[in-house]
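Step one of this worksheet: look at the structure below.
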Amino acid sequence: MSTQKTTVSRPRSEPAEIIRPTRAQAERTSPGNCQTDDIRPTRAQAELELELLEIEAEDIETGDLYASLRALDLPREAAIRLEALSQISRKIGGKILAVGKIIVLKLLEFIRRNPGMAAGMALGAAISALINAVPVLGTLLAPVALTVGVAIGAVAGHRLDKGRYDMSGSLVNIAQDALEIAKDFFAMLIALFRAVGNELAGSAA
């Protein structure tokens, strides 16, 4: 009596599901992006880096700066406030540095690097990120903050309280995304300002 060998067919195994990081996670872990708390320069390092930024800022004329701000479709009053900010200096490490101009140039860079974000939203998120991370900057940035309506979180919270939000892309989500992107972009500048915080609080030079 012959024995017939039975072949058992096994189902083909499905490939493991690939879990992709969210956009926010990818941005935080991609090269060149880091969290503010990961950057902790010494005071001497911060002073040196700010001096280098000062050298870059010296090459930009005030008139050109204002023209660049207006070219981004920012409200005229916001551009005027930012131009005024660019003229504020502080004595840091024994040297007079154009801190305001350094901030304005970084704000410009941030807006240009995020063309998919409305200029006003980008500016508001950037200033919110700076003030929240370095409260001493509040005095310098308050005039601009009032102009562009930086209270993004307050507006979003109000809409949530009222139940007025769009499930597909709510103001809350947009504001949170903008703030996260701003925090990552300004991580280095925030770390530098934190290192010299006491001198930022000094009177205008």
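The values are calculated or read from the model by the stated rules, or taken from the named source; none is laboratory data. Remember, it's a predicted structure, so these values are computed and weren't measured experimentally. Glycine also receives a Cβ, built like all others from the backbone with ideal geometry; neighbour counts cover every protein chain displayed.
Looking across the range 37-52, the residues that are loosely packed, with under 15 Cβ neighbours inside 10 Å and part of a loop (DSSP other than H, G, I, E, B) come down to Arg40, Thr42. Among the residues of the range 166-205, the ones that are outside any helix (DSSP H, G or I) and either at pLDDT 95 or above or under 13 Å from the mean Cα position of the chain (by Cα) (or both) come to 1 in all. Looking across the range 47-81, the residues that are of a type in the set (Lys, Arg) and at pLDDT below 90 come down to Arg70, Arg76.
The criterion of at least 2 residues that are without any contact (Cβ under 8 Å) to a residue 24 or more places away in the chain and buried (at least 17 other Cβ atoms within 10 Å of the Cβ) is met, among helices (runs of 4 or more DSSP H) falling completely within the range 53-114, by 76-85. Being farther than 18 Å from Glu77 by Cβ and assigned to a helix (DSSP H, G or I) is the filter here; which residues of the range 115-127 pass it? Hit for the range 115-127 is Ala125, nothing else.
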